[in-house]
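The values are calculated or read from the model by the stated rules, or taken from the named source; none is laboratory data. Bear in mind the structure is a predicted one, so any value in this text is a computation, not a measurement. Note that we place each Cβ from the backbone using ideal geometry, even for glycine, and neighbour counts take in every protein chain shown. All accessible areas refer to the heavy atoms of the entire protein, side chains included, with ligands and DNA or RNA removed. Shrake-Rupley method; radii C 1.70, N 1.55, O 1.52, S 1.80 Å.
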Amino acid sequence: MTALVLALGSAAPAFATDPEPTEPVQTAPPAEPEESELVDAEPEQVDDLPSVPVKPPTDQPDTRACEPGYRYHATSKSKDCHKGVGVTQSNYNGTSRTARSTFTSEVAGKVGVSYSGKLGVKVSVAIVDIESEFDVNVSAEMSVSIGNRIAVDTPPKKTTNAKYGVYRLKSYGYSQYKYANCTNGVKNNVTIYTPRRVGWYIWES
């Protein structure tokens, strides 16, 4: 009989109504964000804005009227990145047969938006543009609960690792100031991670 050993000891029992979600088993742990200056944003936070020139550029005079302020423009997206809540749980199968490993989330928490660069607008404004540009649903924040369970097969002589958290869409864009005469200021490049769904990240080692 194969014993199940988790990183935190015995897992808490799952609620009777909880389904057992399925996630593909990966071959490597979740990738960390490449940006060294990643900022965790509050849902309605406005970034520390760059100073706005007193006068707009005059090389392209324009008699039209525009509402001055920063705009955000999403340009491209990448893969979903997993942000874990709590420690990684692991189970080693030391037998010669496939064993069933069951993991249960033991920590509750929240995962919000993170970004690098000068966002310049409220998070909610950036989310509207991201959803419109890529036809996706994302949120300013998602909650991770205790008691969610997943069961996966662990091959012989392998370790299955599991982390519960939030998958966030990684996308790219820029913020830019628009003047009253409809001319634009300098582009500020932004990489932003927006919560998309709650789930497990599973990998073998």
What trypsin sites (Lys or Arg not before Pro) does the range 79-174 have in DSSP loop regions with at most 14 other beta carbons within 10 Å? ARG97, LYS157
Given a 1.4 Å probe and every protein chain left where it sits, what share in percent of the accessible area of the range 66-204 is carbon and sulfur? 45 percent
